[in-house]
Amino acid sequence: MTDIEPKRVGIIGAGYISAVYLKSNFPQFKIVACADAIPENANARAKEFGIRAMSVNDLLADPSIEVILNLTIPQSHVPVSKAAIEAGKHVYSEKPLGLSREEAQTLLDAAAAKEVRVGSAPDTFLGGGHQTVRKLMDEGAIGQPIGGAAFFMYGGPESWHPHPEFLYQRGAGPVYDMGPYYVTTLVNLLGPVKNVLSIGRNTSPKRTIGSGPRQGTEFTVEVLTYVSAILEFHSGAAVTFTVSFDVTGHNHPPIEIYGTAGSLQVPDPNFFGGNVRLIRTGGKWTDVAHTHSYGDGNHRGIGLADMAASMATRTPHRASGALAYHVLEVLQAIVTKAAGDTSFEIKSTCERPRPLGAIRPVPDFR
Ligand SMILES: NC(=O)c1ccc[n+]([C@@H]2O[C@H](COP(=O)([O-])OP(=O)(O)OC[C@H]3O[C@@H](n4cnc5c(N)ncnc54)[C@H](O)[C@@H]3O)[C@@H](O)[C@H]2O)c1
(Lines give C-alpha, C1' and ligand atoms only; values in the text may rest on other atoms or scores of the structure.)
Protein backbone atom coordinates (compact mmCIF):
# COMPACT_ATOMS: atom_id res chain seq x y z
CA MET A 1 0.00 0.00 0.00
CA THR A 2 1.09 3.53 -0.64
CA ASP A 3 1.19 5.80 2.41
CA ILE A 4 1.57 8.99 0.35
CA GLU A 5 -1.13 11.69 0.38
CA PRO A 6 -3.08 11.59 -2.93
CA LYS A 7 -2.24 14.46 -5.29
CA ARG A 8 -5.20 16.81 -5.79
CA VAL A 9 -6.21 16.92 -9.45
CA GLY A 10 -8.47 19.27 -11.43
CA ILE A 11 -9.80 18.32 -14.88
CA ILE A 12 -9.99 20.80 -17.75
CA GLY A 13 -12.16 19.38 -20.53
CA ALA A 14 -15.20 17.63 -19.09
CA GLY A 15 -16.24 15.73 -22.23
CA TYR A 16 -16.60 12.07 -23.10
CA ILE A 17 -13.30 10.69 -21.80
CA SER A 18 -13.49 12.59 -18.50
CA ALA A 19 -16.00 10.01 -17.23
CA VAL A 20 -13.43 7.24 -17.69
CA TYR A 21 -10.84 9.09 -15.57
CA LEU A 22 -13.46 10.01 -12.96
CA LYS A 23 -14.32 6.32 -12.57
CA SER A 24 -10.65 5.39 -12.01
CA ASN A 25 -9.63 4.45 -8.50
CA PHE A 26 -5.95 4.99 -7.79
CA PRO A 27 -4.80 5.93 -4.29
CA GLN A 28 -2.06 8.17 -5.73
CA PHE A 29 -4.45 10.93 -6.91
CA LYS A 30 -7.87 12.38 -6.20
CA ILE A 31 -9.90 14.34 -8.78
CA VAL A 32 -11.57 17.13 -6.83
CA ALA A 33 -12.86 19.57 -9.48
CA CYS A 34 -13.50 20.06 -13.18
CA ALA A 35 -13.82 22.95 -15.64
CA ASP A 36 -14.75 23.31 -19.29
CA ALA A 37 -15.04 26.06 -21.90
CA ILE A 38 -18.71 24.99 -21.97
CA PRO A 39 -19.77 25.38 -18.30
CA GLU A 40 -22.74 23.01 -18.72
CA ASN A 41 -20.32 20.17 -19.52
CA ALA A 42 -18.41 20.81 -16.30
CA ASN A 43 -21.62 21.14 -14.29
CA ALA A 44 -22.95 17.84 -15.62
CA ARG A 45 -19.77 15.90 -14.83
CA ALA A 46 -19.46 17.54 -11.40
CA LYS A 47 -23.00 16.55 -10.50
CA GLU A 48 -22.54 13.00 -11.77
CA PHE A 49 -19.33 12.39 -9.80
CA GLY A 50 -19.79 14.62 -6.73
CA ILE A 51 -16.90 16.99 -7.45
CA ARG A 52 -16.73 20.80 -7.78
CA ALA A 53 -17.49 22.54 -11.10
CA MET A 54 -15.40 25.68 -11.54
CA SER A 55 -14.49 28.13 -14.29
CA VAL A 56 -11.17 27.40 -16.03
CA ASN A 57 -9.62 30.54 -14.50
CA ASP A 58 -10.80 29.71 -10.96
CA LEU A 59 -9.51 26.15 -11.28
CA LEU A 60 -6.10 27.39 -12.42
CA ALA A 61 -5.99 29.94 -9.57
CA ASP A 62 -6.93 27.42 -6.85
CA PRO A 63 -3.77 26.78 -4.79
CA SER A 64 -5.09 23.48 -3.42
CA ILE A 65 -5.00 21.88 -6.90
CA GLU A 66 -1.57 20.49 -7.73
CA VAL A 67 -2.11 18.75 -11.06
CA ILE A 68 -4.22 19.68 -14.11
CA LEU A 69 -5.60 16.72 -16.05
CA ASN A 70 -6.00 18.13 -19.58
CA LEU A 71 -8.81 16.26 -21.34
CA THR A 72 -9.59 18.87 -24.00
CA ILE A 73 -9.47 18.27 -27.76
CA PRO A 74 -6.04 18.05 -29.47
CA GLN A 75 -6.11 21.67 -30.72
CA SER A 76 -6.45 22.85 -27.09
CA HIS A 77 -3.86 20.51 -25.55
CA VAL A 78 -0.83 22.83 -25.64
CA PRO A 79 -2.65 26.12 -24.87
CA VAL A 80 -4.43 24.58 -21.88
CA SER A 81 -1.33 22.74 -20.62
CA LYS A 82 0.74 25.92 -20.91
CA ALA A 83 -1.86 27.92 -18.97
CA ALA A 84 -1.68 25.27 -16.24
CA ILE A 85 2.12 25.44 -16.16
CA GLU A 86 2.01 29.24 -16.00
CA ALA A 87 -0.23 28.81 -12.95
CA GLY A 88 2.48 26.62 -11.38
CA LYS A 89 0.65 23.30 -11.79
CA HIS A 90 1.90 19.94 -12.98
CA VAL A 91 0.11 18.69 -16.11
CA TYR A 92 -1.05 15.33 -17.40
CA SER A 93 -2.51 15.59 -20.91
CA GLU A 94 -4.56 13.37 -23.16
CA LYS A 95 -2.89 12.41 -26.43
CA PRO A 96 -1.37 13.69 -28.62
CA LEU A 97 0.82 16.00 -26.53
CA GLY A 98 0.29 18.75 -29.15
CA LEU A 99 -0.29 19.30 -32.84
CA SER A 100 3.40 19.46 -33.78
CA ARG A 101 6.87 19.11 -32.28
CA GLU A 102 7.34 22.89 -32.54
CA GLU A 103 4.23 23.52 -30.44
CA ALA A 104 5.03 20.71 -27.98
CA GLN A 105 8.59 21.99 -27.49
CA THR A 106 7.23 25.29 -26.17
CA LEU A 107 5.26 23.29 -23.62
CA LEU A 108 8.27 21.26 -22.44
CA ASP A 109 10.38 24.44 -22.26
CA ALA A 110 7.73 26.18 -20.13
CA ALA A 111 7.53 23.17 -17.79
CA ALA A 112 11.32 23.04 -17.40
CA ALA A 113 11.40 26.76 -16.56
CA LYS A 114 8.70 26.34 -13.90
CA GLU A 115 10.13 23.00 -12.65
CA VAL A 116 6.80 21.20 -13.01
CA ARG A 117 6.07 17.79 -14.49
CA VAL A 118 4.45 16.98 -17.81
CA GLY A 119 2.86 13.57 -18.33
CA SER A 120 0.75 12.30 -21.20
CA ALA A 121 -1.53 9.55 -22.39
CA PRO A 122 -1.50 6.94 -23.70
CA ASP A 123 -0.78 4.87 -20.62
CA THR A 124 -2.03 1.54 -21.94
CA PHE A 125 1.61 0.40 -22.21
CA LEU A 126 1.54 0.15 -18.40
CA GLY A 127 -1.26 -2.43 -18.60
CA GLY A 128 -0.72 -6.08 -17.70
CA GLY A 129 -0.68 -7.31 -21.30
CA HIS A 130 1.98 -4.88 -22.47
CA GLN A 131 4.15 -5.19 -19.35
CA THR A 132 4.08 -8.98 -19.80
CA VAL A 133 5.41 -8.55 -23.35
CA ARG A 134 8.03 -6.07 -22.11
CA LYS A 135 9.23 -8.59 -19.49
CA LEU A 136 9.46 -11.38 -22.09
CA MET A 137 11.49 -9.15 -24.41
CA ASP A 138 13.77 -7.93 -21.63
CA GLU A 139 14.39 -11.58 -20.66
CA GLY A 140 15.37 -12.37 -24.26
CA ALA A 141 12.39 -14.61 -25.04
CA ILE A 142 12.64 -13.82 -28.79
CA GLY A 143 16.37 -13.08 -28.88
CA GLN A 144 17.47 -9.85 -30.54
CA PRO A 145 14.52 -7.90 -32.03
CA ILE A 146 14.76 -7.68 -35.83
CA GLY A 147 11.50 -6.08 -36.82
CA GLY A 148 7.75 -6.20 -36.59
CA ALA A 149 4.40 -5.28 -38.04
CA ALA A 150 1.61 -3.10 -36.67
CA PHE A 151 -1.84 -2.45 -38.08
CA PHE A 152 -4.72 -0.18 -37.17
CA MET A 153 -7.27 -0.24 -39.97
CA TYR A 154 -11.03 0.11 -40.14
CA GLY A 155 -13.70 1.98 -42.06
CA GLY A 156 -13.55 5.19 -40.03
CA PRO A 157 -15.39 6.82 -37.12
CA GLU A 158 -18.14 8.51 -39.17
CA SER A 159 -20.07 5.21 -39.00
CA TRP A 160 -20.67 5.59 -35.23
CA HIS A 161 -19.53 9.09 -34.15
CA PRO A 162 -22.32 11.72 -34.31
CA HIS A 163 -19.77 14.59 -34.80
CA PRO A 164 -16.83 12.96 -36.64
CA GLU A 165 -15.53 16.05 -38.46
CA PHE A 166 -12.76 16.81 -35.92
CA LEU A 167 -11.34 13.32 -36.44
CA TYR A 168 -10.68 14.23 -40.08
CA GLN A 169 -9.02 17.59 -39.33
CA ARG A 170 -5.48 18.72 -38.44
CA GLY A 171 -4.29 17.03 -35.23
CA ALA A 172 -6.38 13.94 -35.90
CA GLY A 173 -6.81 11.49 -38.78
CA PRO A 174 -5.81 7.89 -38.20
CA VAL A 175 -2.12 8.73 -37.63
CA TYR A 176 -2.51 11.33 -34.85
CA ASP A 177 -5.65 9.80 -33.34
CA MET A 178 -4.62 6.13 -33.10
CA GLY A 179 -0.87 6.35 -33.82
CA PRO A 180 0.01 7.40 -30.24
CA TYR A 181 -1.12 4.01 -28.89
CA TYR A 182 0.91 2.05 -31.41
CA VAL A 183 4.09 4.13 -31.47
CA THR A 184 4.18 4.46 -27.65
CA THR A 185 3.84 0.68 -27.32
CA LEU A 186 6.59 0.13 -29.90
CA VAL A 187 8.93 2.60 -28.15
CA ASN A 188 8.25 0.86 -24.82
CA LEU A 189 9.27 -2.45 -26.40
CA LEU A 190 12.00 -1.43 -28.86
CA GLY A 191 13.28 1.97 -27.68
CA PRO A 192 13.35 5.24 -29.65
CA VAL A 193 12.81 5.66 -33.39
CA LYS A 194 15.63 6.87 -35.61
CA ASN A 195 13.99 7.34 -39.00
CA VAL A 196 10.69 6.95 -40.83
CA LEU A 197 9.67 6.21 -44.41
CA SER A 198 6.02 6.55 -45.39
CA ILE A 199 3.46 6.94 -48.12
CA GLY A 200 -0.19 7.86 -47.81
CA ARG A 201 -3.38 8.96 -49.54
CA ASN A 202 -6.61 10.78 -48.90
CA THR A 203 -8.92 8.21 -50.46
CA SER A 204 -12.27 10.05 -50.17
CA PRO A 205 -11.98 13.87 -49.87
CA LYS A 206 -15.69 13.98 -48.86
CA ARG A 207 -17.28 11.67 -46.29
CA THR A 208 -20.81 11.34 -44.94
CA ILE A 209 -21.95 11.12 -41.30
CA GLY A 210 -23.47 7.67 -40.82
CA SER A 211 -25.44 7.97 -37.57
CA GLY A 212 -27.16 10.35 -35.18
CA PRO A 213 -29.21 13.49 -35.84
CA ARG A 214 -26.85 14.71 -38.60
CA GLN A 215 -26.83 11.40 -40.51
CA GLY A 216 -26.34 12.01 -44.24
CA THR A 217 -24.39 15.27 -43.78
CA GLU A 218 -21.31 15.49 -46.00
CA PHE A 219 -18.02 16.88 -44.67
CA THR A 220 -14.50 17.52 -45.99
CA VAL A 221 -11.54 15.27 -45.18
CA GLU A 222 -8.31 17.24 -44.53
CA VAL A 223 -6.04 14.31 -43.58
CA LEU A 224 -4.42 11.24 -45.09
CA THR A 225 -6.66 8.23 -44.43
CA TYR A 226 -4.41 5.37 -45.60
CA VAL A 227 -0.79 5.62 -44.45
CA SER A 228 1.86 2.93 -44.66
CA ALA A 229 5.13 3.59 -42.83
CA ILE A 230 8.37 1.85 -41.95
CA LEU A 231 9.85 2.82 -38.58
CA GLU A 232 13.58 2.27 -38.15
CA PHE A 233 14.56 2.06 -34.47
CA HIS A 234 17.94 3.02 -33.00
CA SER A 235 18.21 -0.65 -31.96
CA GLY A 236 18.24 -1.59 -35.66
CA ALA A 237 14.74 -3.10 -35.71
CA ALA A 238 12.38 -2.08 -38.55
CA VAL A 239 8.60 -2.13 -38.07
CA THR A 240 6.02 -1.73 -40.82
CA PHE A 241 3.02 0.26 -39.58
CA THR A 242 -0.19 0.75 -41.55
CA VAL A 243 -2.96 2.94 -40.21
CA SER A 244 -6.21 3.71 -42.01
CA PHE A 245 -9.82 4.86 -41.87
CA ASP A 246 -10.45 3.29 -45.33
CA VAL A 247 -10.40 -0.47 -44.73
CA THR A 248 -13.52 -2.66 -44.53
CA GLY A 249 -11.82 -5.61 -42.82
CA HIS A 250 -8.50 -7.38 -42.24
CA ASN A 251 -7.03 -10.28 -40.26
CA HIS A 252 -3.69 -8.96 -39.03
CA PRO A 253 -3.01 -8.99 -35.28
CA PRO A 254 -2.49 -5.43 -33.95
CA ILE A 255 1.25 -5.81 -33.37
CA GLU A 256 3.84 -8.56 -33.91
CA ILE A 257 7.52 -8.34 -32.97
CA TYR A 258 10.04 -10.63 -34.65
CA GLY A 259 13.36 -11.59 -33.06
CA THR A 260 16.35 -13.81 -33.82
CA ALA A 261 14.94 -16.59 -31.57
CA GLY A 262 11.16 -16.17 -31.85
CA SER A 263 8.14 -13.93 -32.38
CA LEU A 264 5.61 -12.27 -30.09
CA GLN A 265 2.03 -11.19 -30.64
CA VAL A 266 1.36 -8.03 -28.66
CA PRO A 267 -2.15 -7.14 -27.40
CA ASP A 268 -4.14 -4.28 -28.94
CA PRO A 269 -2.36 -1.12 -27.67
CA ASN A 270 -5.69 0.71 -27.26
CA PHE A 271 -6.36 -1.60 -24.29
CA PHE A 272 -4.59 -2.66 -21.09
CA GLY A 273 -5.01 -6.42 -21.41
CA GLY A 274 -5.38 -8.96 -24.21
CA ASN A 275 -3.66 -12.14 -25.34
CA VAL A 276 0.11 -12.39 -25.33
CA ARG A 277 1.33 -15.10 -27.71
CA LEU A 278 4.86 -16.41 -28.15
CA ILE A 279 6.57 -18.76 -30.60
CA ARG A 280 10.19 -19.80 -30.18
CA THR A 281 12.39 -21.26 -32.89
CA GLY A 282 11.30 -24.89 -33.47
CA GLY A 283 8.23 -24.53 -31.23
CA LYS A 284 4.54 -23.67 -31.56
CA TRP A 285 2.51 -20.57 -30.78
CA THR A 286 1.50 -20.58 -27.11
CA ASP A 287 -0.55 -18.18 -24.99
CA VAL A 288 1.48 -16.60 -22.17
CA ALA A 289 -0.27 -15.81 -18.86
CA HIS A 290 0.03 -12.19 -17.71
CA THR A 291 2.80 -11.62 -15.18
CA HIS A 292 1.60 -8.08 -14.34
CA SER A 293 -1.41 -6.37 -12.79
CA TYR A 294 -3.92 -4.12 -14.62
CA GLY A 295 -4.42 -6.60 -17.45
CA ASP A 296 -8.21 -6.44 -17.50
CA GLY A 297 -10.66 -3.55 -17.59
CA ASN A 298 -10.05 0.11 -18.42
CA HIS A 299 -7.26 1.61 -16.27
CA ARG A 300 -6.87 5.01 -17.98
CA GLY A 301 -5.24 7.14 -15.30
CA ILE A 302 -2.51 4.62 -14.39
CA GLY A 303 0.03 6.96 -16.04
CA LEU A 304 -1.18 9.84 -13.86
CA ALA A 305 -1.03 7.58 -10.79
CA ASP A 306 2.56 6.72 -11.66
CA MET A 307 3.35 10.44 -12.15
CA ALA A 308 1.77 11.31 -8.78
CA ALA A 309 3.73 8.53 -7.05
CA SER A 310 6.95 9.63 -8.77
CA MET A 311 6.42 13.26 -7.70
CA ALA A 312 6.32 12.10 -4.11
CA THR A 313 9.41 9.91 -4.42
CA ARG A 314 11.24 12.35 -6.75
CA THR A 315 11.80 9.69 -9.40
CA PRO A 316 11.10 9.93 -13.16
CA HIS A 317 7.57 9.02 -14.24
CA ARG A 318 6.92 6.60 -17.07
CA ALA A 319 4.22 8.24 -19.27
CA SER A 320 6.48 11.26 -19.53
CA GLY A 321 6.51 14.44 -21.60
CA ALA A 322 9.76 13.30 -23.22
CA LEU A 323 8.18 10.01 -24.33
CA ALA A 324 5.04 11.78 -25.63
CA TYR A 325 7.17 14.38 -27.44
CA HIS A 326 9.21 11.67 -29.18
CA VAL A 327 6.02 9.82 -30.17
CA LEU A 328 4.50 13.06 -31.52
CA GLU A 329 7.63 13.74 -33.54
CA VAL A 330 7.47 10.23 -35.05
CA LEU A 331 3.79 10.77 -35.96
CA GLN A 332 4.66 14.14 -37.52
CA ALA A 333 7.44 12.45 -39.51
CA ILE A 334 5.01 9.79 -40.76
CA VAL A 335 2.46 12.36 -41.94
CA THR A 336 5.00 14.86 -43.31
CA LYS A 337 6.89 12.26 -45.30
CA ALA A 338 3.69 10.64 -46.58
CA ALA A 339 2.63 14.10 -47.79
CA GLY A 340 5.83 14.30 -49.85
CA ASP A 341 8.32 16.24 -47.69
CA THR A 342 11.07 13.66 -47.30
CA SER A 343 13.50 16.03 -45.55
CA PHE A 344 11.83 15.73 -42.10
CA GLU A 345 14.35 14.32 -39.62
CA ILE A 346 13.60 12.88 -36.20
CA LYS A 347 15.74 14.89 -33.81
CA SER A 348 14.49 13.70 -30.43
CA THR A 349 15.14 10.51 -28.57
CA CYS A 350 13.90 9.23 -25.23
CA GLU A 351 14.56 6.60 -22.62
CA ARG A 352 12.48 3.41 -22.72
CA PRO A 353 10.19 3.89 -19.71
CA ARG A 354 11.22 1.71 -16.75
CA PRO A 355 9.15 -1.50 -16.62
CA LEU A 356 6.67 -1.96 -13.81
CA GLY A 357 7.14 -4.65 -11.18
CA ALA A 358 5.24 -7.91 -11.58
CA ILE A 359 1.91 -8.63 -9.90
CA ARG A 360 1.35 -7.00 -6.51
CA PRO A 361 -1.99 -6.52 -4.74
CA VAL A 362 -1.62 -2.72 -5.15
CA PRO A 363 1.18 -1.78 -7.57
CA ASP A 364 3.13 1.11 -6.08
CA PHE A 365 5.03 2.09 -9.22
CA ARG A 366 8.53 1.71 -7.76
N1 LIG B 1 -13.36 9.66 -26.85
C2 LIG B 1 -12.50 8.68 -26.70
O3 LIG B 1 -12.85 7.48 -26.81
C4 LIG B 1 -11.07 8.98 -26.31
C5 LIG B 1 -10.29 7.92 -25.90
C6 LIG B 1 -9.00 8.18 -25.51
C7 LIG B 1 -8.52 9.46 -25.59
N8 LIG B 1 -9.28 10.49 -26.03
C9 LIG B 1 -8.69 11.84 -26.10
O10 LIG B 1 -9.26 12.63 -25.06
C11 LIG B 1 -9.37 13.97 -25.50
C12 LIG B 1 -10.80 14.41 -25.33
O13 LIG B 1 -11.64 13.55 -26.06
P14 LIG B 1 -13.20 13.49 -25.77
O15 LIG B 1 -13.70 12.38 -26.60
O16 LIG B 1 -13.47 13.53 -24.32
O17 LIG B 1 -13.64 14.88 -26.46
P18 LIG B 1 -14.96 15.74 -26.13
O19 LIG B 1 -15.14 16.63 -27.30
O20 LIG B 1 -16.08 14.85 -25.71
O21 LIG B 1 -14.55 16.61 -24.84
C22 LIG B 1 -13.59 17.65 -24.87
C23 LIG B 1 -14.05 18.75 -23.92
O24 LIG B 1 -13.03 19.74 -23.85
C25 LIG B 1 -13.64 21.02 -23.84
N26 LIG B 1 -12.67 21.99 -24.33
C27 LIG B 1 -12.11 22.07 -25.57
N28 LIG B 1 -11.22 23.07 -25.62
C29 LIG B 1 -11.20 23.63 -24.39
C30 LIG B 1 -10.46 24.69 -23.81
N31 LIG B 1 -9.58 25.39 -24.54
N32 LIG B 1 -10.69 25.01 -22.51
C33 LIG B 1 -11.58 24.31 -21.78
N34 LIG B 1 -12.31 23.28 -22.27
C35 LIG B 1 -12.11 22.94 -23.56
C36 LIG B 1 -14.86 20.87 -24.73
O37 LIG B 1 -15.82 21.87 -24.45
C38 LIG B 1 -15.33 19.47 -24.36
O39 LIG B 1 -16.26 19.47 -23.29
C40 LIG B 1 -8.87 14.00 -26.95
O41 LIG B 1 -7.52 14.43 -26.95
C42 LIG B 1 -8.95 12.56 -27.39
O43 LIG B 1 -7.94 12.26 -28.35
C44 LIG B 1 -10.57 10.28 -26.35
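The values are calculated or read from the model by the stated rules, or taken from the named source; none is laboratory data. Note that this is a predicted model, so its numbers are computed, not measured. All Cβ positions, glycine included, derive from the backbone under ideal geometry; neighbour counts span all protein chains shown. These accessible areas exclude ligands, DNA and RNA; they are computed on the full protein's heavy atoms, side chains included. Shrake-Rupley method; radii C 1.70, N 1.55, O 1.52, S 1.80 Å.
Once neighbouring chains are kept in place and the probe is 1.4 Å, which whole percent of the accessible area of the chain is contributed by carbon and sulfur?
Answer for the chain is 53 percent, counting heavy atoms of protein chains only.
In whole angstrom, how long is each semi-axis of the equivalent ellipsoid of the range 13-69, when you take the square root of 5 times every eigenvalue of its Cα gyration tensor and sort them from largest down?
Rounded to whole Å, the semi-axes are 16, 15, 9.
Among Gly13, Pro267, Val247, which residue has its Cα furthest toward the positive end of the charge dipole of the chain, with +1 on Lys/Arg Cβ and -1 on Asp/Glu Cβ?
The Cα lying farthest towards the positive end belongs to Pro267.
Return the distance in nm (one decimal) between the two label points of a simple spin-label model at Arg8 and His161, each offset 7 Å from Cα along Cα→Cβ.
3.5
Normalized C-alpha radius of gyration of the chain, against 2.2 N^0.38 Å?
In units of the globular-protein estimate, the chain measures up at 0.97.
Over the chain, what is the percentage of antiparallel beta bridges among all DSSP beta bridges, to the nearest 5?
DSSP beta bridges in the chain are roughly 60 percent antiparallel.
Compute the whole-percent fraction of alpha carbon pairs in the range 128-288 spaced more than 26 Å apart.
Percent of Cα pairs beyond 26 Å in the range 128-288: 34.
Show me the GluC sites (Glu not before Pro) within the range 20-119 that DSSP assigns to loop and that have at most 14 other Cβ atoms within 10 Å of their Cβ.
Those that pass, being in a loop and sparsely packed, are Glu115.
Roughly what percent of Cα-Cα pairs across the range 277-366 reach past 22 Å?
Result: 52 percent of Cα pairs exceed 22 Å.
Go ahead and set up a Gaussian network model of the chain, Cα springs under 10 Å, then flag whichever of Thr242, Thr185, Thr220 fluctuates most.
For the chain, modelled as a Gaussian network with Cα springs under 10 Å, the answer is Thr220.
Please give the net charge around Phe49, taking every other residue with its beta carbon less than 13 angstrom from that of Phe49, where Lys and Arg add +1 and Asp and Glu add -1.
Residues close to Phe49 contribute a combined charge of +4.
Trypsin sites (Lys or Arg not before Pro), restricted to the range 1-64: which are DSSP loop and have at most 15 other Cβ atoms within 10 Å?
Lys23
Among all the aspartates and glutamates, which ones have a C-alpha under 12 Å from Lys82's C-alpha, if same-chain residues fewer than 8 places away are not counted?
Of all the aspartates and glutamates, those that pass the test against Lys82 - Cα under 12 Å, at least 8 places apart if same chain - are Glu103, Asp109.
Normalised by the number of residues in the chain, what is the relative contact order in percent for Cα pairs under 8 Å and 6+ residues apart?
20
Along the charge dipole of the chain, which of Val67, Ile31, Gly147 sits closest to the positive end, that is, farthest toward it, with unit charges on the beta carbon of Lys, Arg, Asp and Glu (+1, +1, -1, -1)?
Checking the options against the dipole of the chain, the answer is Gly147.
Could you sort out which of Lys135/Lys284; Lys7/Lys347; Lys23/Lys47; Lys30/Lys89 sit more than 22 Å apart by Cα distance in this structure?
From Lys135/Lys284; Lys7/Lys347; Lys23/Lys47; Lys30/Lys89, over 22 Å: Lys7/Lys347.
What does the charge count around Thr72 come to, taking other residues whose C-beta lies under 10 Å from its C-beta (Lys +1, Arg +1, Asp -1, Glu -1)?
Charge balance in the 10 Å sphere: -2.
Taking the Cα centroid of the range 22-51 and of the range 69-99, what is the distance between the two, rounded to the nearest whole Å?
16
Placing unit charges on C-beta atoms (Lys and Arg positive, Asp and Glu negative, everything else neutral), compute the dipole magnitude of the chain about its Cα centre in debye, rounded to 20.
Dipole of the chain, to the nearest 20 debye: 520 debye.
Tell me what the chain gives for mean residue ellipticity at 222 nm when only DSSP H runs of n ≥ 4 count, each as -39,500 (n - 2.57), the sum divided by the residue total, rounded to 500 deg cm²/dmol.
Counting only the DSSP helices, I get -9000 deg cm²/dmol.
Can you compute the label reach from Asn270? Point 7 Å from Cα along the Cβ direction, backbone N cut-off under 20 Å, restricted to the range 129-163.
What the label zone holds, given the 20 Å backbone N cut-off, is 129-131, 149-163.
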